[in-house]
Amino acid sequence: MKNVIKSGFLALALLALNSCYINRSTVGDGPTGKSGTVKYSHAKQVYLFWGAIACGHPAPATPSACGYQIKTAFNTTDMLINLITGGIVGTRNIKILVNKNSQCDPAIQKFERKVEKSKLKKELKNNSK
């Protein structure tokens, strides 16, 4: 009976001691570190049976006009999901990061769309007269 309790405690300790990790991969001339980056898009990957089977293949949007960084992370929330389900279901976060103030920065793209929209409104107003 003692061996069963020890084995159960060891299994629980191994599940509870999962470590958080981050993996970064740079594509093209994308950012190389974590400073000066902005989130372009994100997705969540779900795995079954301790990572043996991937459920779907999330495809976060990637910019075609500039380089980017792929950041995959296993954080505290993912650890809790893994712990509660006993490792049967696991998750991981995927983020696409771009350089801040680059042409692919979502804030700059939003501003450019706003300017373009106001130009079109002015043209329509002038053409209707």
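Results, tabulated for the structure shown:
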{"read-out": "Qualifying residue in the range 78-95 (condition: more than 30 Å from Gly8 (Cα to Cα), in contact with a Pro (Cβ under 9 Å, 6 or more places away or on another chain) and either modelled with pLDDT of 80 or more or of a type in the set (S, T, N, Q) (or both))", "value": "yes"}
{"read-out": "Filter result (in contact with a Cys (Cβ under 9 Å, 6 or more places away or on another chain), part of a loop (DSSP other than H, G, I, E, B) and aliphatic (A, V, I, L, M)) within the range 60-105", "value": "Ala65"}
{"read-out": "Unmet requirement for Lys95, which otherwise passes all of (1) among the charged types (D, E, K, R); (2) more than 30 Å from Ile108 (Cβ to Cβ); (3) surrounded by 11 or more Cβ atoms within 10 Å (Cβ to Cβ)", "value": "(2)"}
{"read-out": "Residues satisfying the stated conditions in the range 75-100, i.e. closer than 22 Å to Gly30 by Cα and touching a Gly at 6+ places or on another chain (Cβ under 8 Å)", "value": "Leu97, Val98, Asn99, Lys100"}
{"read-out": "Residues located in the range 49-59, provided they are within 19 Å of Tyr21 (Cα to Cα) and part of a strand (DSSP E or B)", "value": "Ala54"}
{"read-out": "Residue within the range 1-22 that is touching a residue at least 12 places away in the same chain (Cβ under 8 Å) and closer than 22 Å to Gln103 by Cα present", "value": "no"}
{"read-out": "Total residues in the range 16-60, condition of a type in the set (Ser, Thr, Tyr) and surrounded by 14 or more Cβ atoms within 10 Å (Cβ to Cβ)", "value": "5"}
{"read-out": "Neighbours by Cβ (under 8 Å, 6+ apart or cross-chain): first from the range 45-66, under 23 Å from Pro106 (Cβ atoms); second polar (S, T, N, Q) and in a loop (DSSP other than H, G, I, E, B)", "value": "Ala65/Gln103; Cys66/Ser102; Cys66/Gln103"}
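The values are calculated or read from the model by the stated rules, or taken from the named source; none is laboratory data. Remember, it's a predicted structure, so these values are computed and weren't measured experimentally. Heads up, the Cβs are rebuilt from the backbone with ideal geometry, glycines too, and the neighbour counts pull from every protein chain shown.
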